[in-house]
């Protein structure tokens, strides 16, 4: 059986590939653990100078595996696999680059807010449908999106939860470049190579300075969002949304207050 998360050292870049095509790369608790382990390895290994997150030419990730998350989150958010991954990503000392093709749903979009460079295929589709599922924002998105895009555009993305394409993502400043899907990963690897050839401590210092104004607030927001997200997973609204998803119908929230 193929590993759903594959890590490979490419020169001085740790390439982390989400590889669960039969479920559109939906992320399980075990996969979040593997993603967090990769970030810890990159931080501890002096040979590694950059991390690249990628999927395939037709899918980045469809977001959380609802089969896992319908059971809720075990324990304190920071110690859960998803909470650990998000906090490690937000505090990663070395550059993190993403190559995105196809669906980038939920955390597939919010994790990009913590990447330093993002390359997207022209087939990429981004969406943060948390409210549509009876949930709430995560990954620090409720802090970062309003500060980057303005409140009304952030509200549109997080409250209406609609999908948007790579051109819109670039217009919003969420990605660096659009590519042919066959070229996305190579362009991202080229950027990783360029980063790896730079003075490593200067790159780390630059990243730390870029993150410094919001670093504490991002971590605090992630924990607040995570606690509420765990509560929302147990809500009747989320239960209706998950049933509707499994039954391939639109959820009916008309009876909720």
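Details
- Taking N as its residue count, the alpha carbon Rg of region 115-257 over 2.2 N^0.38 Å: 1.26
- Region 188-257: Rg to Rh, with Rh as the Kirkwood radius over Cα pairs: 1.30
- Theoretical ellipticity at 222 nm over the chain - DSSP helices of four or more residues, -39500 (n - 2.57) apiece, nearest 500: -12500 deg cm²/dmol
- Pairwise label distance in nanometres, residue 152 with residue 44, each label 7 Å out on the Cα-Cβ vector: 4.9 nm
- Simple spin-label estimate for residue 208 and residue 170 gives 3.4 nm between the two label positions (7 Å along the Cα-to-Cβ direction from each Cα).
- Rounded to 5, the percent of DSSP beta bridges in region 5-178 classed as antiparallel: 30 percent
- Set against the 2.2 N^0.38 Å expectation for a compact globular protein, region 53-123 has a Cα radius of gyration ratio of 1.18.
- Between 0 and 90°, nearest 10: helix 184-197 axis offset from the chain longest Cα axis: 50 degrees
- Kirkwood radius for region 138-207, taken over all pairs of different Cα atoms as the inverse mean of 1/r, rounds to 14.5 Å.
- Distance between modelled label sites at residue 70 and residue 245, nm, 7 Å Cα→Cβ extension: 0.9 nm
- GNM remark for the chain: springs join alpha carbons under 10 Å apart, and the peak mean-square fluctuation among 128, 31, 159 falls on 159.
- Each Cα pair under 8 Å and six or more residues apart adds its sequence gap; the mean of these over the residue count of region 5-178 is a relative contact order of 19 percent.
- Three-way shape call for region 1-109 based on the alpha-carbon gyration tensor, with the a/c threshold at 1.5: oblate
- Cβ-Cβ FRET estimate between residue 255 and residue 228, R0 fixed at 25 Å, reported to 0.05: 0.70
- Packing-based ranking, highest mean first, of 185-194, 109-118, 212-221 given that Cβ atoms within 10 Å are counted: 109-118, 185-194, 212-221
- Radius of gyration over Kirkwood radius for the chain, both on Cα atoms: the Rg/Rh ratio is 0.95.
- Centre-to-centre, using Cα atoms only, region 1-15 and region 78-128 are separated by 16 Å.
We did not get these values from a lab; they are worked out from the coordinates using the rules stated. If you're wondering where the values come from, they're calculated on a predicted model, not measured in any experiment. All Cβ positions, glycine included, derive from the backbone under ideal geometry; neighbour counts span all protein chains shown.
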